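Since the structure comes first, as structure tokens, the remarks are kept for the end.
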Amino acid sequence: LKCKRNWTQFGARCFRMIPTSATWNASEQNCITIGAHLASVHSGDEYAYLEALVLSVTKSNAITWIGGNNLVQGAVWVWTDGSEYNYTKWASGEPDNFENTEHCVQMNYGGGWNDMVCTVLSPSICAKPAIPARIKSVLRFKIISEKEMLASDIKNLLQQ
């Protein structure tokens, strides 16, 4: 499995820290434009990896958007990538849905997660599946083959 440049790999997924602060929704839309979603988290090891990623990029434990939200159904937390919500790392006293306005998940809040008003500006982490190495090499071969075919087609046209 491989990740493209500017992405880091953990397990079968690629992650990218986006240090620019934005709302949760704008962050998710940004992830979508680069073929990803805000990160879902499925284990303590994965969460520790994301904490380290944030630290390496921002040089701090910046509070950062991840893909958890309860926008559709208040009591039900989901990930934007549709994966199973099978791990949580809520900070003490969270989620508290303060004033019934907090529906999006931030990480690095007192060592865990916090539900927050979705319009707050924070950096974010995008995630997408890693590319199987053999698919990548097949694609590269296909592109090279088509490039060579195109070159020979152009050569043939010029000779006519």
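The values are calculated or read from the model by the stated rules, or taken from the named source; none is laboratory data. What you see is a predicted model; the values in this text were computed from it and never measured. Every residue, glycine among them, receives a Cβ derived from its backbone with ideal geometry; neighbour counts consider all protein chains shown.
From the list G35, G68, G82, G44, the one residue that fits, being closer than 24 Å to A130 by Cβ, buried (at least 17 other Cβ atoms within 10 Å of the Cβ) and among the small types (G, A, S), is G68. Out of (1) free of Cβ contacts under 8 Å to residues at least 12 places away in the same chain; (2) on the phi > 0 side of the Ramachandran plot; (3) not basic (K, R), the odd one out for G11 is which? Among (1) free of Cβ contacts under 8 Å to residues at least 12 places away in the same chain; (2) on the phi > 0 side of the Ramachandran plot; (3) not basic (K, R), the lone unmet condition for G11 is (1). The C-beta contact set for segment 59-84 (first residue β-branched (V, I, T), second residue part of a loop (DSSP other than H, G, I, E, B) and buried (at least 19 other Cβ atoms within 10 Å of the Cβ), distance under 6 angstrom, 6+ apart or interchain) comprises I66/A39. A Cβ distance below 9 Å, combined with a sequence gap of six or more or placement on separate chains, defines the contacts here; from segment 28-45, residues that are over 18 Å from R5 (Cβ atoms) and touching a residue at least 60 places away in the same chain (Cβ under 8 Å) reach residues that are among the aliphatic types (A, V, I, L, M) and assigned to a helix (DSSP H, G or I) in the pairs A39/L50; V41/L50.
Number of residues in segment 106-128 that are in contact with a Gly (Cβ under 8 Å, 6 or more places away or on another chain) and in contact (Cβ under 8 Å) with a residue 60 or more places away in the chain: the value is 2.
Filtering segment 66-113 to residues that are over 21 Å from D45 (Cα atoms), in a loop (DSSP other than H, G, I, E, B) and within 22 Å of the chain's Cα centre (by Cα) leaves N70, L71, V72, V76, P95, E102, H103.
You will find that of R5, R16, the residue that is among the basic types (K, R), in contact with a Lys or Arg (Cβ under 9 Å, 6 or more places away or on another chain) and not in a helix (DSSP H, G or I) is R16 and no other. L55 meets each of the listed conditions (1) surrounded by 21 or more Cβ atoms within 10 Å (Cβ to Cβ); (2) of a type outside the set (S, T, Y); (3) not in a loop (DSSP other than H, G, I, E, B) apart from (1). Of all residues assigned to segment 132-147, at least one qualifies as being at pLDDT 70 or above, within 30 Å of T80 (Cα to Cα) and among the hydrophobic types (A, V, I, L, M, F, W, C).
For segment 114-133, what are the residues that are among the small types (G, A, S) and under 13 Å from the mean Cα position of the chain (by Cα)?
Going through segment 114-133, the residues among the small types (G, A, S) turn out to be 122, 124, 127, 130, 133.
Answer for segment 114-133, where residues must be among the small types (G, A, S) and under 13 Å from the mean Cα position of the chain (by Cα): S124, A127, A130.
Going by the structure shown, is V117 at pLDDT 75 or above, in contact with a strand residue (DSSP E or B) (Cβ under 8 Å, 6 or more places away or on another chain) and within 18 Å of A22 (Cα to Cα)? Against the criterion (at pLDDT 75 or above, in contact with a strand residue (DSSP E or B) (Cβ under 8 Å, 6 or more places away or on another chain) and within 18 Å of A22 (Cα to Cα)), V117 qualifies.
Taking segment 13-42 as the range and being under 19 Å from Y109 (Cβ atoms) and among the small types (G, A, S) as the test, the residues that pass are S21, A22, S27, A39, S40.
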